[in-house]
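Below is one structure; the comments refer to it alone.
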Amino acid sequence: MRALSATGDDGLVELIRVPEPSAGAGEVLVDVRAVSVNRGELHRLTTAAAGWRPGWDFAGVVADQKASGTAPAAGRPVPGTRVFGIADGGSWAERIAVPAARLAAIPDGLAVERAAALPTAGLTALRTLRIPGDLAGARVLVTGAAGGVGRFAVQLARRCKAEVTAVVGRPERGEGLAGLGAAEVVVGLEGVEGGFDLVLEAGGGESLREALRLVAPHGTVVSFGNSSRAPTSFSTSDFYPKEASLRGFYVLNDLDGPRTADDLAHLARLAATGELAVDIAAVDDWRDARATLHRLRDRRLAGKAVLLMTREKRG
Ligand SMILES: NC(=O)c1ccc[n+]([C@@H]2O[C@H](COP(=O)([O-])OP(=O)(O)OC[C@H]3O[C@@H](n4cnc5c(N)ncnc54)[C@H](OP(=O)(O)O)[C@@H]3O)[C@@H](O)[C@H]2O)c1
């Protein structure tokens, strides 16, 4: 079968032939139809050695496990079921074996490419927003709000009745964010008034420094990325009197519990009913992945980018 693999240079990825996976205990075989591209994968591809296999998100169809010599376990989705979920890596492939706890069924009415866009970005938004507890009436600041995680975070925070300020890098990147629930859309953090109960921060560098300045007394800054790849320096004496918290978050750390399938099902239900918009900026053939990754690198995608697997006939 074919899979996308790191080239180890500016080409980023190429299609290569790899052995078919087989499902281990507790795993399900999935024929992948669509995957989404996350900034974290792009970053890793810029530093990975040739041969490294990227891919967290996937959506597809449960494969016939008997054909691969493994009988499906009781209670597992039957072959042909549409499923989506999150792998530890390697999902940019025609077929993957993934723990059953990491996937959920795709509800009727939700297209496979929309399902593929949900897992990493959706779970990150959902789980970072849970960190401080009840958000009703809270002021929430979302940096990188035009991006994959940001668009979900704005909507999910608003569903929790928070008042959301969305931060973008350029005015045109703010388009549509008010419609997703942002009370205010700002370009950069200069001049923004503080007092945020929660800041979702993945810009790093200056953006994190500003987040620590803008967080309210006893508020929380969740740092979950460093899109700028820049270090942060900040004045501790401005920060500690507020007794605010700086919390890290990494979505891949906590995926094997029972909650992952529930959270995925929750996101899919919201997306299928139209309560959660899945803004897809690009749907490309996976053979064009390199161009998609370059557009993500150049900040030319507002929302998620999805790759569709074109298939070869199986012999
Ligand atoms: N810890 C975790 O578990 C976890 C999970 C998912 C994502 N992440 C991280 O969270 C961040 C957002 O992920 P994503 O998939 O939503 O990415 P994305 O779709 O590319 O969105 C990132 C947004 O950040 C903004 N940005 C600000 N400064 C930037 C810079 N110097 N370079 C690039 N973008 C910049 C961009 O908005 P403008 O163009 O408007 O400036 C962009 O819309 C990334 O850093 C990613 O690695 C972490």
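The values are calculated or read from the model by the stated rules, or taken from the named source; none is laboratory data. Computed from a prediction, not measured in an experiment: that's the story for all the values here. Note: ideal-geometry Cβ built from the backbone for every residue, glycine included; neighbour counts use all protein chains shown.
In table form, for the structure just shown:
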read-out	value
Filter result (of a type in the set (D, E, K, R) and either under 23 Å from G150 (Cα atoms) or buried (at least 20 other Cβ atoms within 10 Å of the Cβ) (or both)) within the stretch 98-121	R102, E113, R114
Whichever residue in the stretch 154-167 is assigned to a strand (DSSP E or B) and touching a Leu at 6+ places or on another chain (Cβ under 9 Å) and, among such residues, is farthest from the ligand (Cβ to nearest atom)	V164
Verdict on V215 being away from the ligand (no atom under 13 Å from the Cβ), within 22 Å of T124 (Cβ to Cβ) and out of contact with any Cys (no Cβ under 6 Å at 6 or more places or on another chain)	yes
Among residues of the stretch 130-148, those that are part of a loop (DSSP other than H, G, I, E, B) and within 14 Å of the ligand (Cβ to nearest atom), counted	6
Complete set of residues in the stretch 173-196 that are of a type outside the set (A, V, I, L, M, F, W, C) and within 9 Å of the ligand (Cβ to nearest atom)	R173, G174, G188
Residues of the stretch 272-302 that turn out to be away from the ligand (no atom under 16 Å from the Cβ) and on the phi < 0 side of the Ramachandran plot, as a count	8
Residues of the stretch 86-123 satisfying the condition of being out of contact with any Leu (no Cβ under 9 Å at 6 or more places or on another chain) and polar (S, T, N, Q)	S91
Every pair of residues 6+ apart whose Cβ atoms lie under 6 Å, when the first sits in the stretch 263-274 and is assigned by TED's automatic domain parsing to the domain that holds I86 while the second is of a type in the set (K, R) and crowded, with 21+ Cβ neighbours inside 10 Å	A271/R114
The listed residue being of a type in the set (G, A, S), in contact with a helix residue (DSSP H, G or I) (Cβ under 8 Å, 6 or more places away or on another chain) and at pLDDT 95 or above, out of A289, A268, A302, A272	A268
L4 vs. criteria under 20 Å from the mean Cα position of the chain (by Cα), within 16 Å of the ligand (Cβ to nearest atom) and not basic (K, R)	no
Residue match in the stretch 252-265 (condition: under 16 Å from the mean Cα position of the chain (by Cα), assigned to a helix (DSSP H, G or I), closer than 30 Å to E206 by Cβ and within 15 Å of the ligand (Cβ to nearest atom))	yes
Only listed residue being over 20 Å from L198 (Cα atoms) and either buried (at least 24 other Cβ atoms within 10 Å of the Cβ) or near the ligand (Cβ under 9 Å from one of its atoms) (or both), chosen from R95, R127, R170, R151	R170
Of all residues in the stretch 266-288 being assigned to a helix (DSSP H, G or I) and not small (G, A, S), the one that is surrounded by the most Cβ atoms within 10 Å (Cβ to Cβ)	L267
Subset of the stretch 218-251 (residues that are surrounded by 13 or more Cβ atoms within 10 Å (Cβ to Cβ), free of Cβ contacts under 8 Å to residues at least 60 places away in the same chain and within 16 Å of the ligand (Cβ to nearest atom))	V221, S223, N226, S228, A230, T232, L246
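Conditions tested, residue by residue: (1) assigned to a loop (DSSP other than H, G, I, E, B); (2) in the same structural domain as W286 (by TED's automatic domain parsing).
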residue	(1), (2)
I96	no, yes
D108	yes, yes
A115	no, yes
A125	no, no
G150	no, no
A178	yes, no
V185	no, no
L198	no, no
